[in-house]
1. Take the residues in region 48-65 that are farther than 17 Å from GLY127 by Cα and either more than 12 Å from the chain's Cα centre (by Cα) or touching a residue at least 24 places away in the same chain (Cβ under 8 Å) (or both), then tell me which one is surrounded by the most Cβ atoms within 10 Å (Cβ to Cβ).
2. Could you check region 5-59 and list, in sequence order, the residues that are closer than 18 Å to ALA138 by Cβ and in a loop (DSSP other than H, G, I, E, B)?
3. Which members of region 114-133 meet the condition of being surrounded by fewer than 15 Cβ atoms within 10 Å (Cβ to Cβ) and under 10 Å from VAL11 (Cα atoms)?
4. For region 82-107, enumerate the residues that are in a helix (DSSP H, G or I) and more than 17 Å from GLY125 (Cβ to Cβ).
5. Just give me the residues in region 1-46 being under 23 Å from SER61 (Cα atoms) and modelled with pLDDT under 95, in sequence order.
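The values are calculated or read from the model by the stated rules, or taken from the named source; none is laboratory data. Everything numeric here is computed off the predicted structure, so don't read it as measured data. Every residue, glycine among them, receives a Cβ derived from its backbone with ideal geometry; neighbour counts consider all protein chains shown.
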Amino acid sequence: MSTPTPTRTAVAPLTTEDADLLVATAASAAQAAGVSVSVTVLDAGGHLLAFRRDDRAVLISGETSTRKAYTALQLKAPTADLVEAVLPGGPFHTLPTALDRPLLFIAGGLPVHREGRLIGAVGVGGGAPDQDHRFAAAALEALV
């Protein structure tokens, strides 16, 4: 007697069209708030799908947006939810220095899910952490 193999329904990956929408929406939300930002979108494998840095955004915002997206993707959680975990005594306290990876535990990175499956991440950098988080959240809302 054979054991039936569970079937998995394929979920559409994050497309360049999706990535463009995420970037445009986050950038538009930031612009409406008077904030210059960078926005990064990664696919499920951590590969760059889209990037935009406002010409007035601080240069480091490009790096922070990418690291926020990468962190949200790798840990499958909003970076805002991970900030406390890296404080002294937190379960991830040594994680930022233990790995040779571009992790960043500052609000502004969100995983992107479709039909309950992780398909990528968006990161926003350049504003205050709570602003970056709001701009990334606005982008996710547009993707639905």
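1. LEU49
2. LEU14, ALA33, GLY34, VAL35, SER36, VAL37, ASP54, ALA57, listed by residue number.
3. Those that are surrounded by fewer than 15 Cβ atoms within 10 Å (Cβ to Cβ) and under 10 Å from VAL11 (Cα atoms): GLU115, GLY116, ARG117.
4. GLU84, ALA85, VAL86, LEU95, THR97, ALA98
5. Once the filter is applied, which keeps residues that are under 23 Å from SER61 (Cα atoms) and modelled with pLDDT under 95, region 1-46 yields nothing.
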